[in-house]
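Notes for the one structure printed next.
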Amino acid sequence: MSPPPDGASVAQRIAHSFPNLSQSHREVARYVLDHPLKAATLPVAELADLVGVSVATANRFARALGFDGYAQFRAALVLGFEGALAPVEKLRGNLEQPADPASVIDATFAAIARNLEATRAGLDAGACEQAVAAIQAARRVYIVGFGSSSWPAGLLARNLDLTRQDVSLLATIEGPAFAARVLRRLTADDLVIVLATPRYFADTVRLADQARESGATVLALTDGPHSPIAARATITLGVRTDSRYFAASDASLAALAEALSSAVAHGSGGLVAAATQLTESVLPWLDGDYAAWPLRSGSAAWP
């Protein structure tokens with residue numbers, strides 16, 4: 001088996017090595033994945049005792065992941081939490097700097113504009129073409145996004161549904177269990193679009209693994225090649241998500257979702273017919289005074 005990639009996190013190393021781990025090593029791996037913060041604070045003897053394995057087995061588990069020993073493994077596990085805790089420290093620093101509401105709003109718009117421009121400039125044309133082609137060619141399209149990514153995921157599902165059939169959003173009140181059940185039926189003809197930015201949900205990563213193992217194409221909309229989703233994707237489109245007050249800004253991910261669905265709509269060939277059909281179907285539900293909104297040029301509008 002090839003070694004794990006340089007810079008891989010403990011979770012990525014476990015995913016890479018899991019098929020070749022012994023049963024006892026798999027037990028340690030499951031405990032670490034289920035209780036990463038606790039595992040990061042435990043000496044080797046306590047971890048071994050909690051899992052029900054020997055100290056030697058716990059040490060061999062660390063080496064099986066490519067570490068020199070348990071001490072290096074635990075140091076890497078602790079390091080993995082820096083990204084999760086970074087937004088807290090960043091927020092603490094920002095709140096210590098006085099600013100009036102108008103200044104905060106202005107700075108936020110400026111940061112979003114920088115994110116959008118960096119995202120636009122960083123998109124690879126070939127990857128964009130592959131993403132659109134994959135959406136158009138797929139038998140079924142499944143969209144996965146949890147937490148803050150659920151909103152851009154919903155926007156993407158809504159827009160893609162206008163120009164193609166069999167688009168399913170797998171973020172429901174039942175949570176990841178529903179997505180896992182649906183993805184059991186994946187085939188190589190299907191496409192799974194996974195949206196994720198910091199902080200990454202473990203369920204999102206596991207579902208991306210499940211999709212890839214099924215042979216389906218996986219399209220990742222995430223914040224760069226370092227993302228755990230990118231390592232599992234067939235095609236990746238990256239966004240810049242810098243934010244002073246949150247773990248990540250959602251604006252560029254939502255913009256990418258709209259841009260991607262716009263490209264799919266443009267290439268569908270039936271956009272006018274689809275728009276006409278949609279308008280006819282929703283017209284009875286519109287307020288009569290606003291059915292023709294937005295107003296035509298020359299009419300009264302927002303000042």
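The values are calculated or read from the model by the stated rules, or taken from the named source; none is laboratory data. What you see is a predicted model, and the numbers here were worked out from it, not measured in a lab. Heads up, the Cβs are rebuilt from the backbone with ideal geometry, glycines too, and the neighbour counts pull from every protein chain shown. Note: accessible area is taken over every heavy atom of the protein model, side chains too, but ligands, DNA and RNA are not part of it. Shrake-Rupley method; radii C 1.70, N 1.55, O 1.52, S 1.80 Å.
Annotations for the structure displayed:
- A search for C-beta distances below 7 Å between a residue of region 50-64 that is open to solvent by less than 30 Å² (accessible area, probe 1.4 Å) and any residue that is outside any helix (DSSP H, G or I), counting only pairs 6+ apart in sequence or on different chains, returns Ala62/Gly69.
- Filtered residue count, region 231-262, keeping only those that are polar (S, T, N, Q) and more than 19 Å from Ser150 (Cβ to Cβ): 3
- Any hit, region 171-194, residues being open to solvent by less than 70 Å² (accessible area, probe 1.4 Å), within 19 Å of Leu253 (Cα to Cα) and in contact (Cβ under 8 Å) with a residue 60 or more places away in the chain: no
- Contacts under 6 angstrom Cβ, first residue in region 204-219 being closer than 21 Å to Ala127 by Cβ, partner part of a helix (DSSP H, G or I) and open to solvent by 40 Å² or more (accessible area, probe 1.4 Å), 6 or more apart: Val218/Arg212
- Residue match in region 140-152 (condition: assigned to a loop (DSSP other than H, G, I, E, B) and within 16 Å of Glu258 (Cβ to Cβ)): yes
- Looking at region 18-93, the helices (runs of 4 or more DSSP H) lying wholly inside it that each contain 2 or more residues that are under 27 Å from the mean Cα position of the chain (by Cα), under 30 Å from Ala248 (Cα atoms) and at pLDDT 85 or above sit at 23-34, 70-79.
- Residues being among the hydroxyl-bearing types (Ser, Thr, Tyr) and open to solvent by less than 10 Å² (accessible area, probe 1.4 Å) - total across region 195-216: 2
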